[in-house]
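Working notes for the structure below.
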Amino acid sequence: MPELVASITNLAEGLGNKTISIVDLTAPLSHETPVLPLPEGMEPIPHFSLEELARYDERGETSYQNGIHTGEHVGTHFDAPCHWITGRDLADVARVPVSDLVSPFVVIDKSKRVADDPDFLLDVSDVQEWQQRHGPLPAGGWLLYRTGWDRRSTDTQRFINADDDGPHTPGISVECARWLAENSPIRGVGVETVGIDAGQAFAFDPPFPCHHYLLGAGKYGVTQLRNLASLPLTGGVLVVAPLKIVGGSGSPARVMAIVTTSTEPEKKD
Ligand code: MN
């Protein structure tokens with residue numbers, strides 16, 4: 001397979017001569033990282049925190065190290081299928097094959113619509129229109145949903161955007177979540193918001209339809225992505241690197257995109 005060897009060589013050369021770039025889509029993970037507020041009666045998700053164990057001192061004169069405490073679903077993170085009851089018999093995060101964690105992506109950009117309507121929901125027709133312009137969704141790849149919400153991600157209040165009716169953040173309609181799960185070839189959905197579902201999705205039927213349908217179909221989610229604005233709409237590869245937590249329902253993850261450096265991001269409604 002010499003042409004495949006050439007592809008790897010080209011990738012390595014491109015990284016060396018900077019014609020290929022790696023874009024970090026990950027939010028910094030700290031005690032300030034916003035966490036999804038859960039409805040009353042549910043155990044709150046623990047924020048990320050460090051517990052200092054040694055800092056070149058009597059606890060370890062030559063070393064600095066911390067314990068870490070965190071919920072699995074904190075910051076830029078990966079949702080495994082078993083996170084939702086519809087996927088309870090499916091993969092936990094340690095059982096997700098690495099071949100599923102490196103795959104093509106496309107970007108659908110609804111940031112202008114979301115600027116006028118924080119409760120905007122992506123619909124099947126939006127995805128079909130996108131496909132007419134840019135081609136089919138990638139088989140075994142990711143649909144990254146750009147909403148511009150990452151601009152709010154350093155301010156918990158604006159990021160969660162809650163009032164008396166609960167959070168108001170963009171998401172995906174019930175019908176579109178089902179269509180992506182059952183009728184599209186994608187492997188997962190990536191979003192800029194605190195979770196893969198809309199802020200108001202607790203009141204949908206079924207509640208949290210992205211979790212319900214996508215995880216139930218053995219697909220994945222990644223959340224709290226940044227820098228989607230700098231990506232091409234097609235033609236890149238996503239690398240998602242959650243911790244291999246045995247039995248875990250998800251994990252904070254480093255998420256990065258491999259793109260050609262010369263590509264200018266296309267603008268779309
Ligand atoms: Mn999650």
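The values are calculated or read from the model by the stated rules, or taken from the named source; none is laboratory data. All figures in this text were calculated on a predicted structure; none of them were measured in a lab. Methodologically, a virtual Cβ is constructed for each residue, glycine included, from the backbone with ideal geometry; neighbour enumeration extends over all protein chains shown.
Tabulated results
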{"item": "Per-region count, the range 45-68, residues modelled with pLDDT of 95 or more, more than 30 Å from A257 (Cα to Cα), surrounded by fewer than 14 Cβ atoms within 10 Å (Cβ to Cβ) and not acidic (D, E)", "result": "7"}
{"item": "Residue ID - surrounded by the most Cβ atoms within 10 Å (Cβ to Cβ), chosen from residues in the range 26-44 that are under 24 Å from the mean Cα position of the chain (by Cα) and away from the ligand (no atom under 16 Å from the Cβ)", "result": "P28"}
{"item": "Candidates T154, T169 - the one that is assigned to a loop (DSSP other than H, G, I, E, B) and touching a Phe, Trp or Tyr at 6+ places or on another chain (Cβ under 9 Å)", "result": "T169"}
{"item": "Single residue of the range 248-269 satisfying the filter (at pLDDT 95 or above and in contact with a helix residue (DSSP H, G or I) (Cβ under 7 Å, 6 or more places away or on another chain)) that is surrounded by the most Cβ atoms within 10 Å (Cβ to Cβ)", "result": "G250"}
{"item": "Flag if V174 is within 17 Å of V102 (Cβ to Cβ) and either crowded, with 17+ Cβ neighbours inside 10 Å or touching a residue at least 24 places away in the same chain (Cβ under 8 Å) (or both)", "result": "no"}
{"item": "Residues of the range 207-247 classified as part of a loop (DSSP other than H, G, I, E, B), within 16 Å of the ligand (Cβ to nearest atom) and touching a His at 6+ places or on another chain (Cβ under 9 Å), total", "result": "2"}
{"item": "Given (1) under 17 Å from V222 (Cβ atoms); (2) over 19 Å from the mean Cα position of the chain (by Cα), index of the condition D117 fails", "result": "(1)"}
{"item": "Only listed residue being hydroxyl-bearing (S, T, Y) and either touching a residue at least 12 places away in the same chain (Cβ under 8 Å) or over 30 Å from P232 (Cβ atoms) (or both), chosen from T9, T62", "result": "T62"}
{"item": "Qualifying residue in the range 74-91 (condition: away from the ligand (no atom under 16 Å from the Cβ) and charged (D, E, K, R))", "result": "yes"}
